[in-house]
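Peer 1: Here's a structure for you.
The values are calculated or read from the model by the stated rules, or taken from the named source; none is laboratory data. The structure presented is a predicted model; accordingly, all values stated were derived computationally and were not measured. Here the Cβ positions follow ideal geometry from the backbone for every residue, glycine too, while neighbour counts run over all protein chains shown. Calculation scope for accessible area: heavy atoms of the full protein, side chains included, ligands and nucleic acids excluded. Shrake-Rupley method; radii C 1.70, N 1.55, O 1.52, S 1.80 Å.
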Amino acid sequence: MKRSTGQDRSITSKWRPATRAVRAGTWRSEQGETSEAMFITSGYSYDDAETPAARFAGQAPGMTYGRTQNPTVQMLEERIAMMEGAEACRAQASGMAAMSSTMLCYLSAGDHMIIARAAFGPTRWVTDNLLPRFGIEVTPVDGRDIDAWKAAIQPNTKMFFFESPANPTMDLVDIAAVCALAKEHGILTVCDNAITSGALQKPLEFGADVVAYSATKLMDGQGRVLAGAVCGSADFINNKLLPFQRNTGPILAPFNAWVVHKGLETLELRANAQADNAMTVARFLEGRVSRLLYPGLPSHPQFELAQRQMIKPGSVFSMEIAGGRKAAHALLDALELIDISNHFGDTKTLMCHNASTTHSSLTPEVRGNMGVTEGLLRISVGLEDPQDLIEDLDQALTKAGL
Ligand SMILES: *Cc1c(COP(=O)(O)O)cnc(C)c1O
């Protein structure tokens with residue numbers, strides 16, 4: 001293990017981002033493997049009885065059981081923490097495990113949280129249906145409006161939760177302003193950063209306390225596994241999240257951790273190339289659809305904020321077309337190259353109609369309130385040649401009579 005320095009923070013913290021992406025979180029075994037090993041094991045054995053006794057007592061480092069530690073999963077956690085600039089990270093079974101664990105490990109009966117209303121559908125199910133059953137009160141607000149956050153604060157408010165940009169409405173939250181407000185009131189801020197990934201937006205630099213991920217999206221980036229991650233202070237991760245997770249069990253399998261770990265090595269390259277392709281496609285679509293929602297174009301109402309807090313505006317955006325659901329479905333059915341899929345962040349370009357898929361479990365009122373209209377379509381731009389994507393969209397729009 002002489003030259004394997006990927007687990008030593010005093011060394012990795014000196015590395016620049018591109019080096020961290022391929023070298024941080026590398027624990028090389030005595031075999032000297034270049035690619036990180038996959039440890040498919042649920043348990044561990046010990047040389048003597050005293051060793052596990054010391055580990056269980058917290059007096060010696062080392063593995064005890066797969067629900068608490070696995071070397072492959074820990075390599076992933078170390079790499080994500082280094083890339084994010086966080087003290088600590090804990091991998092999760094999925095993005096939703098990351099969101100729900102973050103809320104449940106921190107909030108108690110009698111607490112109140114505020115959520116930016118334009119959030120991922122299952123996240124809203126947790127805040128609207130699950131948390132109230134445990135006596136946790138939730139107020140959804142228009143995340144774009146700092147006065148709405150301010151007005152919703154109560155003496156028992158413990159958490160602000162937001163996505164930026166939100167999926168699929170592309171509403172942005174002013175991360176620095178909202179986090180500064182929370183700090184004044186001792187409120188923990190949680191940012192769901194799945195849409196852009198840490199390659200294109202770094203919420204911790206704007207004051208967020210916790211960054212939660214669906215690693216299923218750009219981190220894996222090739223549509224293979226479900227995974228999640230939560231980054232934050234060592235205190236939050238080790239004293240709040242870890243006890244919750246090791247006792248309730250939403251842990252990431254080592255195979256999935258390994259896939260995401262390898263995905264991270266190309267995250268920055270993919271995220272940048274896909275964002276550039278998205279810009280090319282968005283510029284073409286701007287003249288062809290009724291409304292385009294892309295934070296990278298001056299037509300987006302929060303363009304200036306996007307310039308301030310995003311490294312690049314990302315590879316996902318939405319558009320509204322005339323003719324509602326019928327026209328939206330006709331457009332999808334006319335596509336020849338782009339896939340109809342509710343997934344995003346993949347190397348393949350994917351498109352979906354949110355009102356009838358990702359947001360279909362919400363009532364039309366909640367959907368309308370969030371801005372998920374019947375004519376809204378979301379596109380996740382991949383790594384194909386953008387000219388091929390433009391030609392496919394052009395012929396599909398024409399076929400759908402748009
Ligand atoms: C996909 C997604 C999630 C949930 O992630 P899973 O890995 O599918 O559980 C949460 N938040 C956002 C913004 C997402 O896009």
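Peer 1: Can VAL210 be described as among the β-branched types (Val, Ile, Thr), within 16 Å of the ligand (Cβ to nearest atom) and surrounded by fewer than 22 Cβ atoms within 10 Å (Cβ to Cβ)?
Peer 2: Criteria not met by VAL210.
Peer 1: Answer yes or no: is there a residue in the range 182-192 that is open to solvent by 10 Å² or more (accessible area, probe 1.4 Å), within 16 Å of the ligand (Cβ to nearest atom) and under 30 Å from PRO298 (Cβ atoms).
Peer 2: Looking for residues that are open to solvent by 10 Å² or more (accessible area, probe 1.4 Å), within 16 Å of the ligand (Cβ to nearest atom) and under 30 Å from PRO298 (Cβ atoms), one finds at least one in the range 182-192, hence yes.
Peer 1: Answer yes or no as to whether LEU226 is surrounded by fewer than 22 Cβ atoms within 10 Å (Cβ to Cβ), among the aliphatic types (A, V, I, L, M) and within 16 Å of the ligand (Cβ to nearest atom).
Peer 2: Yes.
Peer 1: Those residues that are in contact (Cβ under 8 Å) with a residue 60 or more places away in the chain, closer than 29 Å to VAL260 by Cα and out of contact with any strand residue (DSSP E or B) (no Cβ under 7 Å at 6 or more places or on another chain), I need them from the range 316-357; list them, please.
Peer 2: THR347, the sole residue that qualifies.
Peer 1: May I pose another question? Listed residues GLY263, GLY221; which is open to solvent by less than 10 Å² (accessible area, probe 1.4 Å), assigned to a loop (DSSP other than H, G, I, E, B) and away from the ligand (no atom under 12 Å from the Cβ)?
Peer 2: Exactly one of GLY263, GLY221 is open to solvent by less than 10 Å² (accessible area, probe 1.4 Å), assigned to a loop (DSSP other than H, G, I, E, B) and away from the ligand (no atom under 12 Å from the Cβ), namely GLY221.
Peer 1: Could you check, for the range 88-99, whether at least one of its residues is within 23 Å of GLU205 (Cα to Cα), out of contact with any helix residue (DSSP H, G or I) (no Cβ under 7 Å at 6 or more places or on another chain) and more than 12 Å from the ligand (Cβ to nearest atom)?
Peer 2: Checked against the condition, which is being within 23 Å of GLU205 (Cα to Cα), out of contact with any helix residue (DSSP H, G or I) (no Cβ under 7 Å at 6 or more places or on another chain) and more than 12 Å from the ligand (Cβ to nearest atom), the range 88-99 yields no hits at all.
Peer 1: Oh, and also: Against the definition (within 27 Å of VAL173 (Cα to Cα) and in contact with a His (Cβ under 8 Å, 6 or more places away or on another chain)), how does LEU293 come out, yes or no?
Peer 2: In short, yes.
Peer 1: Run GLU163 past the list (1) under 23 Å from ALA97 (Cα atoms); (2) without any contact (Cβ under 8 Å) to a residue 60 or more places away in the chain; (3) more than 12 Å from the ligand (Cβ to nearest atom) and report the number of the one that doesn't hold.
Peer 2: All conditions are met except number (3).
Peer 1: A further question on this structure: Could you figure out which of (1) at pLDDT below 95; (2) hydroxyl-bearing (Ser, Thr, Tyr); (3) within 16 Å of the ligand (Cβ to nearest atom) isn't true of THR363?
Peer 2: Unmet for THR363, out of (1) at pLDDT below 95; (2) hydroxyl-bearing (Ser, Thr, Tyr); (3) within 16 Å of the ligand (Cβ to nearest atom): (3).
Peer 1: Just to be sure I understand, how many residues within the range 314-342 are of a type outside the set (Asp, Glu), surrounded by fewer than 16 Cβ atoms within 10 Å (Cβ to Cβ) and touching a helix residue (DSSP H, G or I) at 6+ places or on another chain (Cβ under 6 Å)?
Peer 2: 2
Peer 1: Just need a number here: residues in the range 132-158 that are within 16 Å of the ligand (Cβ to nearest atom) and aliphatic (A, V, I, L, M).
Peer 2: The total comes to 0.
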